[in-house]
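Values in this text are rule-based calculations from the coordinates and carry no lab data. The model shown is predicted, which means the values in this text are computed figures rather than measured ones. Using ideal geometry, Cβ is built from the backbone for each residue, glycine included, and neighbour counts are taken over all protein chains shown.
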Amino acid sequence: MNFTGSNILSVDQFDIDSIQTIFAIADRMQPYARRQKRTKVLDGAILGNLFFEPSTRTRVSFGTAFNLLGGEVRETTGMESSALAKGESLYDTARVLSSYSDVIAMRHPKSGAVAEFAEGSRVPVINGGDGANEHPTQALLDLYTIKKELAYHGHGVDGMHICMMGDLKFGRTVHSLSRLLAMYKDIRFTLISPRELAMPDSVLDVLANAGHHVTITDQVSGSSDADIVYQTRIQQERFTTPQEADLYRGKFRLNSEIYTKHYKPNTVIMHPLPRDSRAEANELDNDLNQNPNLAIFRQADNGVLIRMALFALTLGVAEQVEKYECDVNWYSSKPSGY
Amino acid sequence: MNFTGSNILSVDQFDIDSIQTIFAIADRMQPYARRQKRTKVLDGAILGNLFFEPSTRTRVSFGTAFNLLGGEVRETTGMESSALAKGESLYDTARVLSSYSDVIAMRHPKSGAVAEFAEGSRVPVINGGDGANEHPTQALLDLYTIKKELAYHGHGVDGMHICMMGDLKFGRTVHSLSRLLAMYKDIRFTLISPRELAMPDSVLDVLANAGHHVTITDQVSGSSDADIVYQTRIQQERFTTPQEADLYRGKFRLNSEIYTKHYKPNTVIMHPLPRDSRAEANELDNDLNQNPNLAIFRQADNGVLIRMALFALTLGVAEQVEKYECDVNWYSSKPSGY
Amino acid sequence: MNFTGSNILSVDQFDIDSIQTIFAIADRMQPYARRQKRTKVLDGAILGNLFFEPSTRTRVSFGTAFNLLGGEVRETTGMESSALAKGESLYDTARVLSSYSDVIAMRHPKSGAVAEFAEGSRVPVINGGDGANEHPTQALLDLYTIKKELAYHGHGVDGMHICMMGDLKFGRTVHSLSRLLAMYKDIRFTLISPRELAMPDSVLDVLANAGHHVTITDQVSGSSDADIVYQTRIQQERFTTPQEADLYRGKFRLNSEIYTKHYKPNTVIMHPLPRDSRAEANELDNDLNQNPNLAIFRQADNGVLIRMALFALTLGVAEQVEKYECDVNWYSSKPSGY
């Protein structure tokens, strides 16, 4: 696809080539994000960061990505109670707000709202999550993380084995990631969840049609050669009774003991964050925090790189980033990561 | 008037010369707002964007205008519940907050609050709306839009015919605009509203004293040679019963059919936005969206130019804008407008 | 102490030398804050301004300080309801959010939360107030103001006489300031408060151990040779009955008449702000607003200098500030202060 001037609304708009393009640019963003140097390629450009639903991490990640390219950020948070109460259409909102920036990142609680907004917008729109529908930058950063983590261990994405665990029914993240992974070859998916929270057929069909090998189970055991374990949250309100939820929650927990028992030494641990760290959560325990295979914070770091790449591509400056490079003259101790 | 270091609080502080000055600077801001080039004339300057009442459009428009001149924006939104509860005066708030910026744009729900704040401020203050009182940048962008739209059709403001329609009693916008238009010559005003929502005598007196020709009616017909139709919202709560409001609302509706029937082909359509686009609104229909005479989004665009001009004037850099010019190196598809 | 890369969490981490270092840098920040010139030493750096509890003044002061050094600000305000409800730990929040900036300023309603966050952070964290615990930049700006005000009158901090008045029990400000002042020599403290709101023993012990002279009283009279009177708020809810509070409030009021009667002509008046300016407040009256000894707004100005100094020190650029200097080309009428 030609990125310049395009909207980024759904993972479905990417083919394997466009993903490779995004990842290649993301790789080149690393020295700027790690403060080895900086770039002013978007000096003077303005991001409209429109978060009609709160999401501190995603919002700040987009804003920081734009700042790292040298641009300015104008921000809106919270539902637009006043204009909504006055009955303004998303089309009108888009016509007006898009005249205030060069590119827009937008989150909205309603499925389809970002695409509807994009129709009225005069500048490219990047979807930062629209309800239960799509969150393409999260899917891209997850895939990018998988690719980098596996590369560190000398593997590629083709032929790998990934376990997805927890609530696979309502987790927007694992659906989009699965659709992206489907474009690769010979992947083994082990999908571990309570039966009530199994991966939807629509996603399973995509994986089957692409010829991947899928195992569906409610048992953690049996995935000892997984390269990646992608843990998600199990939410109590999805079950008939809280007791039932608690039963399941304990079963799909990941902690140091369970990890050592069920997985091979270098299995990479991922999670979309935020994770529930309360004692009763039984989700992904803090005793794994010092485990080098815990990739959850590298995921967050990679999110900045992916968003930088998408801004550079949609604004057509990907090839000029190095041209506007300059030195970093302040103290920095950013970790070097993988 | 000498703009450098001055507050912009009310339309009453302008004479025809100062308006011409603002508009001449606004014209010169167009290439920067349309991204043909950019300027760093206010690189390093700080705008304090204080919105003690929510108004996404106006807030972002001010912030973007400052960014487009190269400056930084520090923002405050929402009522200052904590400090207010502690009984802080507007004078104290102004003394403190004005030390954090080079110029302030401020909106406040209370009439007169911005002027009161300005007395304590150590930097120029631009009124972004203070309750039912004033919203001078809106009035200026409306007048600027009228001037540009008419110029496109080969006319001037003197001698034109403008219809103002809807709620003319509570609409701050049409009052301020009328006071500005009063400074021009031989304008015909057709003021269309329910009798309960007629233009106040104070405004009518200003128009009469300046020798303009005013027709007051509750009928849409009879204004077929209008150059401008300025539509406003009719709010249900202004009437004794909802039924009465609905009756009126239908009557003052503007849609493609009504426009074609009652107005000449090039009558410019304006509205202060946001407009109510719900089916039952009967205000300004979406079927006019593709009509080239619909100027409502050009109004929003012009708001950025007017605010850029006011910042440049109050900070004394209007003559240096071109000196700090540089190239835009990213993709842009901003419409060229009129 | 070595500031580069360090957190600023508590006044207890400073010795007299490190305070002198901060103040020396703050002095050098003055021409930039007063707009005689500007600096781009932190051009491209990003401040994460995380205010999990509202505080407009402190938040904007940190943001402005960073802008004045040339940097960008990414901001978060309000409690993180979503992530908290999902049970995210402060450690996780810190791991993620610290990857989005070069330095963090943080306020949190819970005592100890900023220090806990700092343990997970990958960049230096500056405490902007954590509940009843610490607010080190306020204590530093108070001490810096005392030093500058006394220097203007030809005195030093050693040997001075300071009155602290009002609620000395719950006022975080006066506790931290007292602990900083304890490092100087031969200071006379007159602590004026209702008995119910007396200075805690923990603070009194620090002052006694350092050999300072402390007088505890509930009478305003008898402090006529004070160099500084530091007024604080008396809050009604601290008393058994509102009537009792009103009784006290009147007694510890400071206005022009009381000032003239009880203090020598050049006694400097300070207050942590915001002050209660309502007629019934009886706190610090507006009739002192034109008195040149009223230093309350200079305190706010000095806060920007202190925060600039701390950013420059923690990011290791204090010695490069002048190197990145440039001209201010816009209108400015910032007062010259003392």
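Using helices alone, what [θ] at 222 nm do you get for chain A, with -39,500 (n - 2.57) per DSSP H run of 4 or more residues, divided over all residues and rounded to the nearest 500?
-11000 deg cm²/dmol
Per residue of C:267-275, what is the mean number of Cβ atoms on other protein chains within 10 angstrom of that residue's Cβ?
What the average comes to for C:267-275 is 3.
Please list the non-local residues whose amide H lies under 5 Å from the amide H of residue C:103, H modeled 1.01 Å from N, same-chain partners needing a gap of 5 or more.
So residue C:103 has HN proximity to C:46, C:48.
How far, in nm to one decimal, is residue C:215 from itself in the other copies if the label point is set 7 angstrom along Cα toward Cβ? Shortest first, please.
8.3, 8.3
May I ask you to order C:253-259, C:97-103, C:323-329, B:192-198 by the average number of other C-beta atoms within 10 Å around their residues, highest value first?
C:97-103, B:192-198, C:253-259, C:323-329
How high is the relative contact order of the range B:137-297, in percent, counting Cα pairs under 8 Å that sit 6 or more residues apart?
Working: 269 pairs, mean separation 35.3, N = 161.
It rounds to 22 percent for the range B:137-297.
Sequence neighbours fewer than 8 away in the same chain don't count; with that in mind, list the lysines whose C-alpha is under 30 Å from residue B:323.
Straight-line reach from residue B:323, under 30 Å: A:37, A:40, A:323, B:37, B:40, B:147, B:148, B:334, C:37, C:40, C:323, C:334.
Using R₀ = 56 Å, calculate the FRET efficiency as 1/(1 + (r/R₀)^6) where r is the Cβ-Cβ separation of residue B:37 and residue A:151; round to 0.05.
FRET efficiency, residue B:37 to residue A:151: 0.85.
Excluding residues on the same chain fewer than 8 positions from residue A:261, give the lysines whose Cα lies under 21 Å from its Cα.
A:251
Can you give the average number of partner chain beta-carbon atoms within 10 Å of each beta-carbon in peptide A:64-77, as a whole number?
6
Where the Cα atoms of the protein assembly as shown are projected onto their three principal axes, how long is each span, largest first, in whole Å?
90, 88, 57
From the phi of every residue in the range A:122-128, what ³J(HN,Hα) in whole Hz does the Karplus formula 6.51 cos²θ - 1.76 cosθ + 1.60 yield, where θ is phi - 60° and glycine or proline is x?
9, 10, x, 10, 10, 6, x
Roughly speaking, what is the centre-to-centre gap between the range A:1-50 and the range A:169-233 when only Cα atoms are used, to the nearest Å?
After rounding, the separation between the Cα centres reads 28 Å.
Sort the following peptides by mean Cβ neighbour count (other Cβ atoms within 10 Å, averaged over residues), highest first: B:202-214, B:59-71. Intermediate values should be presented prior to the final figure.
Details: B:202-214: 14.5, B:59-71: 26.5.
So the peptides B:202-214, B:59-71, ranked by packing, come out B:59-71, B:202-214.
Starting from the amide H of residue C:8, placed 1.01 Å from N in the peptide plane, find each other amide H under 5 Å away whose residue is 5 or more places distant or on another chain.
C:125, C:126, C:127
For the pair residue C:16 and residue A:221, how long in nm is the line joining their label points, each one 7 Å along Cα→Cβ?
A separation of 7.0 nm, rounded to one decimal place.
Please report, for residue C:323, the nm distances (one decimal) from its label point, 7 Å out from Cα along the beta-carbon direction, to the equivalent points in the remaining copies, shortest first.
2.8, 2.8
Sequence-distant or interchain residues sharing an amide H contact under 5 Å with residue B:73, placed H: which?
The list, which skips near neighbours in sequence, is B:47.
Which ³J(HN,Hα) values in Hz, rounded to whole numbers, follow from the phi angles of the range C:8-14 under the Karplus curve 6.51 cos²θ - 1.76 cosθ + 1.60, where θ = phi - 60° and Gly and Pro get x?
10, 10, 8, 5, 5, 7, 9
With a 10 Å radius around each residue's Cβ, average the other Cβ atoms per peptide and rank B:11-20, B:115-124, highest first.
In decreasing order of mean packing, B:11-20, B:115-124 become B:115-124, B:11-20.
Can you give me the span-like helices of chain A, meaning DSSP H runs with 15 Å or more of Cα extent along the axis and Kyte-Doolittle mean at or above -0.5? Each step should come with its number before you reach the end.
On the way: long enough: A:16-33 (25 Å, 0.29); A:56-68 (17 Å, -0.03); A:136-152 (24 Å, -0.04); A:296-314 (27 Å, 0.89).
Passing helices, by number: A:16-33, A:56-68, A:136-152, A:296-314.
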